Amino acid sequence: MPVQEPNTHRPRVIVVSGGTDGMGRALTLARAERGDQVVALGSNPAKGRQLVAEAERIGAADRVRFLQADLSSVEATRRAVREITGRHEAVDALCLFANRQSPKRATTSEGLERTFALYYLSRYLLGHELTPLLRRSSAPVIVNVAGVGVTKGAVHWDDLQLERKYHLVTAQLQAGRANDLLGVAYASQADNPVRYVLYHPGFTKSGDLSPLPAAARLAIRVLGAFAARPVEQSIAPLHGLIDNPPSVPLTAIDRGTSLPLTLRTLDPANAQRLAKATEKLLDALPTAPA
């Protein structure tokens, strides 16, 4: 990964999805402590209150705003975008962490498979619909924290909602590969000043394990005690990416290593195919009143 040059910190406006858990929470508090205004999106109001209380403890309560939003809902995500747009003239960085594992297939109120909706669609919507505010920044960047560099899994073109063969791992890998393609398609837009970073932190002691069976939670915690990276270590490179975004439209980083954009998981044709499929899917949803 290119070394980021030191930069005198200027206060930024940062939006963090999944901002009440794990890496998202750690980044929210770290950026607020540095003087940034941070909007943390999350679905759990109790965790939101805990986040604000911690921000107050470190003297940054006036710089953290919790915005409750069920990001697995298209309409709730768009409502969050409208609230952010109503309060801020510009956004400097959008950091995407929100994800939640689902052992059994579940659908949202809009009929979408929940993992696909939360892990991929919310990131698509936040990135595209906050673009007008990002364009007003002098150095805008989107950081999509997923699994770039992983080549397992695939986008199931004939069954994006995994109605036929759902499995937790299948759903997570599909959404991960979809996020890879999301970055490729977003960065390919003409005259787009917003830099896009696909970032894979590696196995990290982060996230909410409560949806998993007890045995799976125990196994992950035991493995994490020996192999997982601390949250602070995983988010450390993000500060440089936010303060000094890359000069190129798309950057892919896997655990500190810059990846070639020629990876088969970053195929431009597939990126455009997914973008069109996503637009078609969203167009087919009922439109709620603004």
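Scan the stretch 178-234 for residues that are at pLDDT 55 or above, assigned to a helix (DSSP H, G or I), aliphatic (A, V, I, L, M) and more than 17 Å from G18 (Cβ to Cβ) and the total you get is 4. If you check L118, L112, L134, L168 for being touching a Ser or Thr at 6+ places or on another chain (Cβ under 8 Å), closer than 22 Å to I14 by Cβ and either at pLDDT 95 or above or of a type in the set (A, V, I, L, M) (or both), only one passes: L118.
Within the stretch 248-276, can you find the residues that are of a type in the set (G, A, S), loosely packed, with under 15 Cβ neighbours inside 10 Å and touching a residue at least 12 places away in the same chain (Cβ under 8 Å)?
Looking only at the stretch 248-276, we keep the residues that are of a type in the set (G, A, S), and these are 252, 256, 258, 269, 271, 275.
Of the ones still in play, those that are also loosely packed, with under 15 Cβ neighbours inside 10 Å are 256, 258, 269.
The answer is G256, S258.
Pairs meeting the criteria (first residue in the stretch 173-199 and free of Cβ contacts under 8 Å to residues at least 60 places away in the same chain, second residue surrounded by fewer than 22 Cβ atoms within 10 Å (Cβ to Cβ) and of a type in the set (D, E, K, R), beta carbons under 7 Å, at least 6 apart or on different chains) are L173/K152; P193/R135. Of A117, A30, A69, A61, all but one fail to be touching a helix residue (DSSP H, G or I) at 6+ places or on another chain (Cβ under 8 Å), within 25 Å of G240 (Cβ to Cβ) and not aromatic (F, W, Y); the exception is A30. Screening the stretch 61-91 for residues that are part of a helix (DSSP H, G or I) and basic (K, R) and picking the one that is nearest to A26 (Cα to Cα) gives R63. Quick one: would you say L94 is within 18 Å of the chain's Cα centre (by Cα), closer than 21 Å to V13 by Cα and assigned to a loop (DSSP other than H, G, I, E, B)? The answer is no for L94.
The values are calculated or read from the model by the stated rules, or taken from the named source; none is laboratory data. Worth saying up front: this structure is predicted, and the values here are computed from it rather than measured. All Cβ positions, even for glycine, are placed from backbone atoms using ideal geometry, and neighbour counts span all protein chains on display.
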